[in-house]
Amino acid sequence: MTAGPSGSSKVVPLRDAVTSALGPGDTVFLGGFGHCIPFAAASEIIRSGVSGLTVCKTGADIVLDLLVAAGVVDEIIVGWFGNPGIGSSHVIRRAMEDDGLRLSESTNFGLLLRLHAAELGVPYLPTRTLVGSDLRDRAHHVVQVNCPFTDEELSAVAALVPDVAIVHAQRADATGNVQMWGVVGDTLTGARAATRVLCTVEEIVPESRVRSAPELTALPAHRVDTVTAVPGGARPSYVDGHYERDAGAYELFQAGSRDASWVADLVAGIREGQEVTRWW
Amino acid sequence: MVVTDLQLAWNAATQLHDGERVFVGIGAPAIAAMIARRSHAPCISMLFESGVDCADPQRVPASTGSHEVASGAALHGSMLDAFSQLQSGRIDVGVLSAAQVDPAGNLNSTVIGSYEQPRVRLPGSGGAHDIAALARRVLVVMPHDPRRLVDQVDFVTCRGWDAARLRRVGGVLRRGPVAMTTERGLFTLQGAELTLSAVTAGGSASWALEGLSWVGESEVRELPPLPSDAHTRFDFDAPEGSR
């Protein structure tokens, strides 16, 4: 005998998901890593009018550029920013030089461990990275400690608890069990570290389908606040089993975003409700 | 693939050994590992920071989380899985590039100019600092460009050689950047400096040091030449939309 449904539906329209999850000044973790970049959710964040956000991500994608260009971000906490495989971010460099965007930078592993500490529910984690270098001298939330057992020198990185994690995945059931496969990078560490999780998926499936393949479940329902079906929600990035990355879109963004007015037009279009795919 | 790029990747590939566990960055480092896997190091293990392990890319990947990296891999782990292996000393070699490198093996991918008022703000460390600090040894892959092979990097993103470098971290020796390859030759750590020790087959020491203030050994050997069938054996389709 199969069990009955294990919770009420968490399926809501994307607009409602964003307005219920995000408040001004929140710290937002962006999921995806080359794969499953949450472009649709980011577009809705831009439309919502929320501002003063701190956005954290180990290796950022151009979805961060969109949020920064829209003026909704005060600070970024990253290990790397740019257009993956293509080049530097014109948008973020301009925002740092001209608009007061604050950067707190670390290494991918150092920042990942800050999120992992939050996932583990401890105030910090020790690590062997972030030793020596100008980067170490300027990294925030890192101190040198001595191991209480071996006395060896280690770095300690403070936990980073995002208020919200934005995740795009292949599917979920209506109760919020999220299934994801393919490249995850830091996605699940950041999601499990966060207080709230907003998830968009290619499709909502019956709970029985999830429970027949539990090995694919990345986030259990009780850790997810909202799910919204947004087919194509990660375009122009790729989603395993659904669509490929549109390399031309990334190249076009790299060229176009040299011009601030090009980006401003793109953001204005997003605010007016146009799909994020408008730029290509 | 452009001949220069193939030579650059091949020279780096000659420094990877069969069966090694390699933590790979994107660009020439990834191509070097892919070439090694198709020549003298078929059992090399490629790990990417995205968490993809035992990777076997058939096409040049654009990013560590790309479909090209993930396709055909034996394991899709997480970034935590990847960096855990690195920190616990299980990665034989990390292969990196950077915007600037100096003879001490310091790498810069943060800023050109000062940090507070950079002439050029670069994308940042990503996993580079972690790889440089924690791999058992580091191979740096750089194009021969005097603007990038400098006397002293503007900013130390990844620490190179220093007296504390040759140290056991967690019981495992982490030797840092012991070698750098360009398309013109191989530089190896001699004392405190990366020093030219080998040149591309058919090349000369003066050519491999052209425009640089770096030094070379009094006698340099030749690197193994590109295999005669390199252009077909290492013919990876470029990703769509790439430059």
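When the residues of region A:51-91 are narrowed to those that are of a type in the set (V, I, T) and within 8 Å of chain B (Cβ to nearest Cβ), which ends up farthest from A:G185 (Cα to Cα)? Before the answer, list the steps.
Start the filter on region A:51-91 by keeping residues that are of a type in the set (V, I, T), which leaves A:54-55, A:58, A:62-63, A:68, A:72-73, A:76-78, A:86, A:91.
Imposing the further condition that a residue be within 8 Å of chain B (Cβ to nearest Cβ) reduces the set to A:58, A:78, A:86.
Numbers: A:T58: 9, A:V78: 14, A:I86: 19 Å.
The extreme case among them is A:I86.
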Problem - Residue count, region A:163-196 (criterion: part of a strand (DSSP E or B) and either open to solvent by 10 Å² or more (accessible area, probe 1.4 Å) or under 24 Å from A:G79 (Cβ atoms) (or both)) - result: 8
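Filter region A:153-162 for residues that are of a type outside the set (G, A, S) and not in a strand (DSSP E or B); which is most open to solvent (accessible area, probe 1.4 Å)?
Step one: filter region A:153-162 for residues of a type outside the set (G, A, S), giving A:153-154, A:157, A:160-162.
After this cut, where a residue has to be not in a strand (DSSP E or B) as well, the list is A:160-162.
Numbers: A:L160: 17, A:V161: 79, A:P162: 0 Å².
The selected residue is A:V161.
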Handout entry: Matching residues, region A:203-219, being open to solvent by less than 20 Å² (accessible area, probe 1.4 Å) and either out of contact with any Cys (no Cβ under 8 Å at 6 or more places or on another chain) or under 16 Å from A:G241 (Cα atoms) (or both)
Key = A:V205, A:V210, A:A213, A:A218
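Given the structure, is B:Q117 farther than 28 Å from A:H116 by Cα, among the polar types (S, T, N, Q) and away from chain A (no Cβ under 12 Å)?
Details: farther than 28 Å from A:H116 by Cα: yes; among the polar types (S, T, N, Q): yes; away from chain A (no Cβ under 12 Å): no.
Considered against the rule, which asks whether it is farther than 28 Å from A:H116 by Cα, among the polar types (S, T, N, Q) and away from chain A (no Cβ under 12 Å), B:Q117 comes out as no.
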Practice task
Considering every residue within region B:3-12, establish whether at least one is of a type in the set (D, E, K, R) and either in a loop (DSSP other than H, G, I, E, B) or modelled with pLDDT of 95 or more (or both).
Solution key: no
Problem - Residues that are acidic (D, E), within 14 Å of chain B (Cβ to nearest Cβ) and either free of Cβ contacts under 8 Å to residues at least 24 places away in the same chain or closer than 13 Å to A:V167 by Cβ (or both), drawn from region A:220-262 - result: A:E244
Practice task
List the strands (runs of 3 or more DSSP E) that sit entirely inside region A:51-152 and contain at least 1 residues that are open to solvent by 20 Å² or more (accessible area, probe 1.4 Å), under 21 Å from B:L107 (Cβ atoms) and not hydroxyl-bearing (S, T, Y).
Solution key: A:73-80, A:102-105
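The values are calculated or read from the model by the stated rules, or taken from the named source; none is laboratory data. Just so you know, these numbers come straight off a predicted model, no measurement behind them. Note that each Cβ is placed from the backbone with ideal geometry, even for glycine, and that neighbours are counted across all protein chains shown. The protein model used for the area step is the full one, side chains on, heavy atoms only, and it has no ligands, DNA or RNA in it. Shrake-Rupley method; radii C 1.70, N 1.55, O 1.52, S 1.80 Å.
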